[in-house]
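First comes the structure, then the notes that go with it.
Rule-based calculations on the coordinates, nothing more; no lab input. Owing to the predicted nature of the structure, the values given are computational and were not obtained by experimental measurement. Here the Cβ positions follow ideal geometry from the backbone for every residue, glycine too, while neighbour counts run over all protein chains shown.
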Number of protein chains: 2
Amino acid sequence: MLNSIIFYSLDKAIRSYRRMAQANIDRAGLDITVDQWLVLRVLLEHNDLTQQDIAERVFKDQASVARMLALLVKRGLLSAIPLPHDGRRTQLRVSAQGHQMLEAVQPIVLDNRAVALAGIGEDELAVLRQLLERIALNCTPVSN
Amino acid sequence: MLNSIIFYSLDKAIRSYRRMAQANIDRAGLDITVDQWLVLRVLLEHNDLTQQDIAERVFKDQASVARMLALLVKRGLLSAIPLPHDGRRTQLRVSAQGHQMLEAVQPIVLDNRAVALAGIGEDELAVLRQLLERIALNCTPVSN
DNA sequence: ATAATGTTTATGATATATCATAAACATTGC
DNA sequence: GCAATGTTTATGATATATCATAAACATTAT
């Protein structure tokens, strides 16, 4: 039975959530993906991250992040100013338009979360988080 | 804090697991992805599924499944025999090579699972499954 | 029968996932 | 200084994710 596989349930939960979340963002007329939102959020909270740094925070790889950044810049949600001391890197800043987008998305994100977690108590949530962290740690190569 | 977001933990867990699982399959010299494996497993257990049926079982959409099926056929893991009574559909059967692949992958899958769930008890697993099912249900549009 | 409707598959377009590698650049050891 | 080494970004190739839509076909109502 596939239903007995825990990763089946895991996959099901995350995919169901992502679809619901994206549908609600789309319905609000906002042109951003859940993944782009997450990257933008990370960039809002941290300056001077390399693509690798960002990748680790959003559980993607550097190549995926490179392409997402290019898209975010192209869409005007992010600005990339060349850094003088290293010709490869740029200074990434959420643009005014990006800030607007984040603000517009914020209430939807909160709502999505409430819908997804309806009927689940704080204590259960803590247990869930703990178990998920355990799994992630178990699966992490270097166990750093 | 991103760490306080439950979906961050969810995403982290599933992505960590998928990478570990795929790395182990690759290391064994087996040329199949985790997603292809899942589709093949579904086809082994059910005959006469439409692409939509398969998609619902693996939480993808019909278009993704169509492309995966084409790949599986191209790789000789699946055979697609045209059905006489409906010119669009084909009869999908796991090929001999596909069976061999499933058998080769099976021990790795079990091992992956053990690694990922190390230190997590049966009772905790049941709680985890229940919470994940609840989230998936909460996020499902029609609530069927 | 035929038109309207529904089902199923295929595919274009775009985004993300990932590996591998190239290119550009910085740093370090000598 | 310069070669070796390490870092950072970009991109080709391939797979998956998803929406939208076209094409092929089946079914149903009349």
Distance between Cα centroids, the range A:79-144 to the range B:12-87: provide it in whole Å. 30 Å
So which residue, out of B:His85, B:His99, B:His46, gets the largest mean-square fluctuation from a GNM of chain B using Cα contacts under 10 Å as springs? B:His85
Note the angle between two axes, namely the Cα long axis of helix A:96-116 and the longest principal axis of the Cα atoms of chain A, as a number of degrees from 0 to 90, rounded to the nearest 10. 0 degrees
Please give every one of the lysines within straight-line cross-link reach of A:Lys60, meaning a C-alpha to C-alpha distance under 23 Å, and leave out same-chain neighbours fewer than 8 residues apart. A:Lys12, A:Lys74, B:Lys12, B:Lys60
With axes computed from alpha carbons, what is the tilt in degrees of helix A:6-27 against the longest principal axis of chain A, rounded to the nearest 10 within 0 to 90? 50 degrees
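R0 = 30 Å: FRET efficiency of A:Arg15 with A:Ala80, Cβ-based, nearest 0.05?
Rounded to the nearest 0.05, the efficiency is 0.45.
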Where the label is 7 Å out from Cα toward Cβ, how close does B:Thr33 come to the same position in every other copy, in nm, shortest first? 1.3
For chain A, just say rounded, prolate or oblate: build the C-alpha gyration tensor, square-root its eigenvalues into a ≥ b ≥ c, call rounded for a/c under 1.5, and beyond that prolate if a/b exceeds b/c, oblate if not. oblate
Please determine, in degrees from 0 to 90 and to the nearest 10, the orientation of helix B:34-45 with respect to the longest principal axis defined by the Cα atoms of chain B, where the helix direction is its Cα long axis. 60 degrees
With a Förster distance of 22 angstrom and the Cβ-Cβ distance between A:Arg89 and A:Thr33, calculated FRET efficiency to the nearest 0.05 equals 0.35
Just the ratio, please: alpha-carbon radius of gyration of the range B:1-79 over 2.2 N^0.38 Å, N its number of residues. 1.30
Express the relative contact order of chain A as a whole percentage, based on alpha carbon pairs under 8 Å and six or more residues apart in sequence. 19 percent
Which distances in nm, rounded to one decimal and ordered from shortest, link the label point of A:Glu103 to the equivalent label points in the other identical copies, with labels set 7 Å from Cα toward Cβ? 6.4
Rounded to the nearest 500, the 222 nm mean residue ellipticity computed for the protein assembly as shown from DSSP H runs (n ≥ 4, each -39500 (n - 2.57)) alone is -21500 deg cm²/dmol
If neighbour count is taken as other Cβ atoms inside 10 Å, put B:Asp35, A:Asp123 in order from fewest to most. A:Asp123, B:Asp35
First check a/c for the range B:86-144, with a ≥ b ≥ c the square roots of the eigenvalues of its C-alpha gyration tensor; if it is under 1.5, answer rounded, and if not, answer prolate when a/b is larger than b/c or oblate otherwise. oblate
Anyone know which of A:Asp86, A:Asp26, A:Asp53 comes out most mobile in the 10 Å Cα GNM of chain A? A:Asp86
What trypsin sites (Lys or Arg not before Pro) in the range B:58-120 are in a loop by DSSP, with at most 10 other Cβ atoms within 10 Å of the Cβ? B:Arg88
